[in-house]
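Data block below; observations after.
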């Protein structure tokens, strides 16, 4: 994902967008405080918001320039999800995992989910978001990003999560320009359903 941060950081008001998004997700789904991992943390916009909410924050990314910035908000480590990998954390370490628009950058989504489950504590919560490859709009734009490796349909995403309790599973449209000012965007559905988001809980018994 070389130079991804440089292009992403140019988006207008991205920090405000992350602030509103993170606060809405935390209030609605996470609630319990503790260790939180942001996979694909970039420059730490979400890490900063979660840290302000009282989490012990960790991040994973492979953009060295972005990691220098995000390191001020928590413990960050370099990992390339496009290659064979293992998350560099012990079993059952995290209370919450935040994986927004990142699993599609993994060479092996099933391995990604297996690792995510390994590092989650029993009854830990994970937020996962990925483009919905069912739509022509998503299919057309997916490979315009050369770091996208694994397109997932709604059903394919669902099939990866059989070992979790599903708390919420929706097709949804992100409206970044609204997120800069309010969390209303998360409640708007219809128009172009470009993404899938899912919130899951790890079963208490393995």
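The values are calculated or read from the model by the stated rules, or taken from the named source; none is laboratory data. The structure presented is a predicted model; accordingly, all values stated were derived computationally and were not measured. We place every Cβ from the backbone using ideal geometry, glycine too, and count neighbours over all the protein chains shown.
Take residues that are under 14 Å from the mean Cα position of the chain (by Cα) and tell me which of the helices (runs of 4 or more DSSP H) falling wholly in the range 29-120 contain 3 or more. Let's see the steps before the verdict.
Numbers: elements: 45-52, 64-70, 109-119.
Fully inside the range 29-120 and qualifying: 45-52, 109-119.
Any residue in the range 47-61 that is closer than 18 Å to residue 160 by Cα and surrounded by 17 or more Cβ atoms within 10 Å (Cβ to Cβ)? Please lay out each step first, then the result.
Of the range 47-61, the ones closer than 18 Å to residue 160 by Cα are none.
Taking every residue of the range 47-61 in turn, none turns out to be closer than 18 Å to residue 160 by Cα and surrounded by 17 or more Cβ atoms within 10 Å (Cβ to Cβ).
For the range 137-151, state whether one or more residues are within 19 Å of residue 19 (Cα to Cα), at pLDDT below 70 and in a loop (DSSP other than H, G, I, E, B).
Filtering the range 137-151 down to residues within 19 Å of residue 19 (Cα to Cα) leaves none.
So far as the range 137-151 goes, no, none of its residues is within 19 Å of residue 19 (Cα to Cα), at pLDDT below 70 and in a loop (DSSP other than H, G, I, E, B).
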